[in-house]
Amino acid sequence: MSQPLFFEVKSEKILSRLDANFYHNPLVDEFIFLCKKNKVNLENFGEYIESAKRYPSFYGIPYLPEGVICFKGEAIDKDGFIIDEELSYIPEKINRDFPDTILEEGDIVFSVRGTIGKIFVVTKEYVGSNISANLIRLKLKKGNPHFLKYFLMSKYGQADIERVSSGSLQYTITTDDIDSIKIPEVKKTEQDRIVNKIFKIEEEKVSFSKKYNSSIENLKNYLKTKINPEKKNVFIIKSQEIKDRIDCYILSYELKKLLDDLSKLKESHDLFNGKDLDIVNRINEKEFKKIATNEFKYIEVKHSSRQPNLISGFMEDVLMALPSRARQIIRENDILLPRPTLSTEKIVIVPKEFDGQLCSTGFIVIRPKDFDDACLTTAILKSPLVQRQLFLMQSGSIQPEISPNDFKKIIIPSPKSKTEREEIIKGFKDELKNVEYYRQNYNKKKQEVEDTFWKEIII
């Protein structure tokens with residue numbers, strides 16, 4: 001639990017707002033102290049910006065499978081790289097209707113709503129693209145855009161972005177706020193030299209990133225069958241086939257064909273349903289009262305990861321202070337399957353340090369026999385055959401998800417051959433080691449980028 005922080009602000013120093021983080025952010029205070037100590041002057045980011053453009057009206061836009069790239073916040077990762085799978089596309093006519101946000105080389109794209117402070121420098125391949133309303137285009141009049149990106153994405157830059165951001169229901173950052181961010185004053189020639197030095201480290205970082213993503217994809221493909229889900233967007237349903245639900249997923253030709261094809265695997269695979277797995281039940285009211293004042297680590301769906309042996313974060317508090325979703329006690333090697341439709345691939349195997357802790361009811365929790373069984377089951381659940389079933393059996397409008405009852409109907413194919421099962425387990429475990437190795441080395445290079453940047457500025 002966080003400790004309270006007390007400090008005073010003199011009335012003459014109060015500006016147009018009154019919130020604690022704006023007047024006292026420990027990292028920003030440290031940054032200013034280090035700059036003063038090392039005689040590094042600071043200037044406002046606004047001194048670098050020629051224009052800042054976004055269209056608040058850029059909503060309700062029809063997106064296409066191809067066309068002009070239109071960046072959304074989710075297409076920019078936390079390290080300032082583009083996630084190709086998240087790119088969106090708009091018609092050329094709509095692109096021309098929003099000329100002020102058509103990107104040029106060297107522009108900085110900055111996320112201003114939702115997840116604030118994602119930064120991307122426009123390179124040649126993205127010239128002519130556009131941006132959504134949650135991003136802003138910053139056209140520079142001076143400075144190296146990559147130098148500015150490295151600062152803004154550093155711990156001190158992100159702290160200052162957090163300091164000047166505001167909002168209650170939805171956090172945002174205004175152009176005036178962006179202008180007020182403090183930037184170390186460094187000559188352009190020095191900026192260029194620092195950037196060139198960091199680029200060499202970035203190349204190694206990108207290499208580890210590509211290998212990491214390749215290994216993550218490999219984790220989906222350890223269940224080998226000849227079945228490929230067959231998509232068919234137009235189909236006819238007879239009235240007698242409609243039962244308790246009417247939607248284009250549960251009644252689709254694709255799901256029917258997929259289930260028929262899976263049934264043909266019974267010679268080589270054991271076919272069982274989700275209900276045959278050992279599903280963990282949530283705690284009842286009596287159990288809750290017994291442990292209500294105990295302190296727990298608590299995992300939300302947002303803490304799940306594409307990497308099965310990694311939990312990306314957690315909350316920690318007494319049970320009665322945690323969200324009402326904190327109702328499932330987990331054990332080492334348990335499998336956490338996120339229920340939201342767009343998260344079902346982010347399956348996590350619970351590590352030892354979370355044994356006896358809590359997770360959200362937004363997970364389906366499966367208890368395997370041991371770690372080998374967890375690897376085999378996770379490999380099968382991550383396979384396209386199962387993932388496609390989870391998608392097609394979704395329900396809900398505001399937040400589509402796989403319900404516990406529908407999960408019980410999922411067909412799960414497991415090879416009958418002991419040799420084949422052992423090969424899946426070995427391959428999956430080896431790939432987990434590769435994934436962790438690439439992730440650790442990527443993070444080392446990421447830290448090296450930040451350390452190199454600051455060593456060049458604050459000696």
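Please go through (1) assigned to a loop (DSSP other than H, G, I, E, B); (2) farther than 25 Å from Ile380 by Cα for Ile227 and return the number of the only condition it doesn't satisfy.
The single condition Ile227 does not satisfy is (2).
I'd like to verify a number: residues in the stretch 267-297 that are in a helix (DSSP H, G or I) and out of contact with any helix residue (DSSP H, G or I) (no Cβ under 6 Å at 6 or more places or on another chain), how many?
Of the residues in that region, 9 qualify.
If I ask for residues that are under 18 Å from the mean Cα position of the chain (by Cα) and charged (D, E, K, R), which ones from the stretch 297-325 would you list?
Within the stretch 297-325, Glu300, Lys302, Arg306 meet the criteria.
Does Asp177 qualify as being surrounded by 15 or more Cβ atoms within 10 Å (Cβ to Cβ), touching a Lys or Arg at 6+ places or on another chain (Cβ under 8 Å), closer than 28 Å to Gly114 by Cβ and charged (D, E, K, R)?
So Asp177 fails the test.
Quick one: how many residues across the stretch 119-135 are surrounded by 23 or more Cβ atoms within 10 Å (Cβ to Cβ) and within 21 Å of Val164 (Cα to Cα)?
Selection size over the stretch 119-135: 3.
Before we move on, is Ile366 within 25 Å of Lys266 (Cα to Cα), of a type outside the set (S, T, N, Q), out of contact with any helix residue (DSSP H, G or I) (no Cβ under 6 Å at 6 or more places or on another chain) and buried (at least 18 other Cβ atoms within 10 Å of the Cβ)?
For Ile366, the condition - within 25 Å of Lys266 (Cα to Cα), of a type outside the set (S, T, N, Q), out of contact with any helix residue (DSSP H, G or I) (no Cβ under 6 Å at 6 or more places or on another chain) and buried (at least 18 other Cβ atoms within 10 Å of the Cβ) - is met.
If you go through the stretch 78-106 one residue at a time, how many are within 22 Å of Glu202 (Cα to Cα) and without any contact (Cβ under 8 Å) to a residue 12 or more places away in the chain?
Number satisfying all stated conditions: 3.
Would you be able to tell me the number of residues in the stretch 45-63 that are closer than 25 Å to Phe199 by Cα and assigned to a strand (DSSP E or B)?
Qualifying residue count, the stretch 45-63: 1.
Does any residue of the stretch 184-202 turn out to be buried (at least 16 other Cβ atoms within 10 Å of the Cβ), under 24 Å from the mean Cα position of the chain (by Cα) and not hydrophobic (A, V, I, L, M, F, W, C)?
Yes, the conditions are met somewhere in the stretch 184-202.
Mind checking which pairs have a first residue in the stretch 289-317 that is more than 18 Å from Ile349 (Cβ to Cβ) and a second that is modelled with pLDDT of 95 or more and β-branched (Val, Ile, Thr), Cβ under 7 Å, 6 or more apart or different chains?
Thr293/Val318; Asn294/Val318; Glu295/Val318
Does the stretch 175-196 contain any residue that is out of contact with any helix residue (DSSP H, G or I) (no Cβ under 9 Å at 6 or more places or on another chain), part of a helix (DSSP H, G or I), of a type outside the set (Gly, Ala, Ser) and at pLDDT 95 or above?
Scanning the stretch 175-196 turns up at least one residue that is out of contact with any helix residue (DSSP H, G or I) (no Cβ under 9 Å at 6 or more places or on another chain), part of a helix (DSSP H, G or I), of a type outside the set (Gly, Ala, Ser) and at pLDDT 95 or above.
Within the stretch 309-348, restricting attention to residues that are part of a loop (DSSP other than H, G, I, E, B) and β-branched (Val, Ile, Thr), which residue is surrounded by the most Cβ atoms within 10 Å (Cβ to Cβ)?
Ile347
Among the residues of the stretch 389-410, are any aliphatic (A, V, I, L, M), in the same structural domain as Ser252 (by TED's automatic domain parsing) and in a strand (DSSP E or B)? If you could, list the steps in order and put the result at the bottom.
In the first step, residues of the stretch 389-410 are kept if they are aliphatic (A, V, I, L, M); the result is 390, 392-393, 398, 402, 410.
In the following step, the residues that additionally are in the same structural domain as Ser252 (by TED's automatic domain parsing) were identified as 390, 392-393, 398, 402, 410.
So of that shortlist, the ones also in a strand (DSSP E or B) come out as none.
No, there is no match, as no residue in the stretch 389-410 is aliphatic (A, V, I, L, M), in the same structural domain as Ser252 (by TED's automatic domain parsing) and in a strand (DSSP E or B).
Sort through Ile364, Ile347, Ile330 and tell me the only one that's closer than 23 Å to Leu432 by Cβ and over 21 Å from the mean Cα position of the chain (by Cα).
Ile330
For the stretch 23-39, which residues satisfy the criterion of being surrounded by fewer than 17 Cβ atoms within 10 Å (Cβ to Cβ) and touching a helix residue (DSSP H, G or I) at 6+ places or on another chain (Cβ under 6 Å)?
Leu27
Only residues that are loosely packed, with under 14 Cβ neighbours inside 10 Å and either touching a His at 6+ places or on another chain (Cβ under 9 Å) or under 23 Å from Cys35 (Cα atoms) (or both): list them for the stretch 436-459, please.
Result: Gln447, Asp451, Lys455, Ile459.
The values are calculated or read from the model by the stated rules, or taken from the named source; none is laboratory data. The structure displayed is predicted, hence computed values, not measured ones. Positions of Cβ are backbone-derived with ideal geometry, glycine not excepted, and every protein chain shown enters the neighbour counts.
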